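I have placed the structure first, in the form of structure tokens, so that the comments after it can refer back to it.
The values are calculated or read from the model by the stated rules, or taken from the named source; none is laboratory data. Since this is a predicted model, take the numbers as computed values, not measurements. Using ideal geometry, Cβ is built from the backbone for each residue, glycine included, and neighbour counts are taken over all protein chains shown.
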Amino acid sequence: MRPDVHRLADFLSWAISPVVVAPVVYGFIVLLGYADDPRRIAYLTVLFSASTIAPMLLIFGLKKIGKVSDYNITFREQRFLPLLVLTGVNVLGYEFMQQLHAPRLLSGILLFNAVNTVLILLITLQWKISIHLFTLTACIALLFLKFGAGVLWLLLLVPVLMWSRMYLKAHNFMQTLVGGIIGFAIMFAELTWWIGL
């Protein structure tokens with residue numbers, strides 16, 4: 001591996017990682033899509049806590065006590081516990097959203113994040129699907145539902161992230177491809193049903 005190419009792949013892997021992509025997308029959805037809602041900062045706080053703060057604290061903690069070998073949780077066998085905990089975090093976030101009487105799209109994000117984390121957890125028992133690609137395309141599906149087809153240019157990030165994850169030997173081609181396809185398709189179908197489109 002060339003050091004400069006490896007650094008680029010590593011940078012892209014972190015820059016388009018779930019803990020970066022999800023809060024950025026949620027920020028756009030809440031601040032632009034619900035700009036007139038007086039509770040928008042409360043919604044964003046719940047979403048940000050569930051998508052970034054809790055996962056980062058969990059992964060840092062697990063790394064510190066030796067339960068995971070790296071921050072990307074490269075080994076499939078080490079993913080069960082963090083995925084289980086994050087399912088609970090998203091369920092809790094959904095309950096907070098219900099108490100805030102949040103718009104259905106926003107409460108649905110956390111509800112189906114919990115559902116989809118269980119799905120990923122079950123897949124992980126047998127196979128190592130790419131959570132990076134799953135999250136990226138699920139977030140693009142969210143933006144598409146809220147803002148329309150003008151956001152679909154973001155799908156150009158998919159092959160970039162696929163290359164990064166494969167170059168770093170974190171995943172093979174099928175693991176990235178399936179993660180990307182399932183992420184978009186499932187989130188789109190779930191939220192289309194949930195908000196009654």
Screening Thr74, Thr124, Thr52, Thr87 for residues that are over 22 Å from Leu31 (Cα atoms), in contact with a helix residue (DSSP H, G or I) (Cβ under 8 Å, 6 or more places away or on another chain), among the β-branched types (Val, Ile, Thr) and at pLDDT below 90 leaves only Thr124
query: Could you say whether any residue in the range 167-180 is touching a residue at least 24 places away in the same chain (Cβ under 8 Å), buried (at least 16 other Cβ atoms within 10 Å of the Cβ), within 20 Å of Val89 (Cα to Cα) and under 13 Å from the mean Cα position of the chain (by Cα)?
result: no
Residues of the range 31-50 being under 20 Å from Leu145 (Cα atoms) and under 16 Å from the mean Cα position of the chain (by Cα), in sequence order, are Leu44, Leu47, Phe48
Per the filter on the range 2-53, residues in a helix (DSSP H, G or I), among the aliphatic types (A, V, I, L, M) and either touching an Asp or Glu at 6+ places or on another chain (Cβ under 6 Å) or surrounded by fewer than 18 Cβ atoms within 10 Å (Cβ to Cβ) (or both) are Val5, Leu8, Ala15, Val19, Val20, Val24, Leu31, Leu32, Ile41, Ala42, Ile53
Subset of the range 43-53, residues more than 21 Å from Ile16 (Cβ to Cβ) and either without any contact (Cβ under 8 Å) to a residue 40 or more places away in the chain or among the basic types (Lys, Arg) (or both), comes to Thr45
Filter the range 54-102 for residues that are under 18 Å from Pro23 (Cα atoms) and touching a residue at least 60 places away in the same chain (Cβ under 8 Å); the one that is surrounded by the most Cβ atoms within 10 Å (Cβ to Cβ) is Ala102
Of the residues in the range 119-152, those that are touching a Leu at 6+ places or on another chain (Cβ under 8 Å) and within 26 Å of Glu77 (Cα to Cα) come to Ile120, Leu121, Thr124, His132, Leu133, Leu136, Thr137
Given (1) surrounded by fewer than 17 Cβ atoms within 10 Å (Cβ to Cβ); (2) touching a His at 6+ places or on another chain (Cβ under 9 Å); (3) closer than 26 Å to Leu105 by Cα; (4) not hydroxyl-bearing (Ser, Thr, Tyr), Leu133 misses just (1)
Of those in the range 107-119 that are within 18 Å of Ala54 (Cα to Cα) and out of contact with any Ser or Thr (no Cβ under 6 Å at 6 or more places or on another chain), the residue surrounded by the fewest Cβ atoms within 10 Å (Cβ to Cβ) is Val115
When the range 153-166 is checked residue by residue, the ones that are closer than 19 Å to Arg2 by Cα, free of Cβ contacts under 8 Å to residues at least 40 places away in the same chain and under 18 Å from the mean Cα position of the chain (by Cα) are Met162
